[in-house]
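For reference, the structure is listed below as structure tokens.
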Amino acid sequence: MEFSVDQKERPTFTDRLRLIFKDVLGPIARFLNRLGIHPNTLTITGMLGTAVGAYFVSQGDLVLGGALVILMGPIDAMDGAVARLRGEPEDFGAFVDSVSDRYSELFIFAGLLWYYLQEANWLACMLVFAAAAGSVLVSYIRARAQSLGFDTKVGLLTRVERYFVVGPSLLFKAPLIGVVIVAIGANFTALQRIFHVRQGIRKR
């Protein structure tokens, strides 16, 4: 059985966004469901679209790359809503969504890494590595914690927050600012989750 350390834990930023945009996403999800579009199709489309955006980033076209990354976010967000309308089991869909999210983020960081390699900006390359490592660790720690019976969603910079940092930083041609924020924020979030689980283990 999974449980949170704090049963009165505040809703995450992602939870609040879902509530805010519920009335917007609902009609769109119903329309897509009527078209017969499968939730996993939306998931894969979002991932592949992000990969294309990452390619443009790697080639130095930050505006087009950033625009594609931002555009793919809402598409990827629709899969869960469509799955619920179809009455399909959410476990495998959530698994596919989680894996595709990791690939999407890594595609973006790979594009940035190639971009900075062309400029021989080694400091920026190391910051991209730190951002990618922190982003993966945030998700890995939650998955590992769930295997121990904990569900830890706390943290300063979860996936949605990272999306809102990286996308606009590309669009406004300031990718290094986004990379630095994620490199610091994601690793700090990983530490927050480690201590959150440690606290829960002690209480249990």
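The values are calculated or read from the model by the stated rules, or taken from the named source; none is laboratory data. From a predicted model like this one, the values you see are computed outputs, not experimental measurements. FYI the Cβ positions are ideal-geometry reconstructions off the backbone, even for glycines, and counts take in every protein chain you see.
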Tally, over region 114-142, of residues that are assigned to a helix (DSSP H, G or I) and free of Cβ contacts under 8 Å to residues at least 24 places away in the same chain: 8
Which listed residue is farther than 22 Å from Thr158 by Cα and in contact with a helix residue (DSSP H, G or I) (Cβ under 7 Å, 6 or more places away or on another chain), from Gly73, Gly60: Gly60
Any chance Val180 is at pLDDT 95 or above and under 21 Å from Ala77 (Cα atoms): no
One residue from Pro175, Pro168 being touching a helix residue (DSSP H, G or I) at 6+ places or on another chain (Cβ under 6 Å) and either over 13 Å from Val197 (Cβ atoms) or aliphatic (A, V, I, L, M) (or both): Pro175
Conditions (1) assigned to a helix (DSSP H, G or I); (2) loosely packed, with under 15 Cβ neighbours inside 10 Å; (3) modelled with pLDDT under 80: number failed by Thr41: (3)
Among (1) closer than 18 Å to Arg102 by Cβ; (2) touching an Asp or Glu at 6+ places or on another chain (Cβ under 8 Å); (3) buried (at least 17 other Cβ atoms within 10 Å of the Cβ); (4) in contact (Cβ under 8 Å) with a residue 60 or more places away in the chain, the one test that Tyr163 misses: (2)
Filter pass, Thr189 being of a type in the set (S, T, N, Q) and either at pLDDT below 95 or not in a helix (DSSP H, G or I) (or both): no
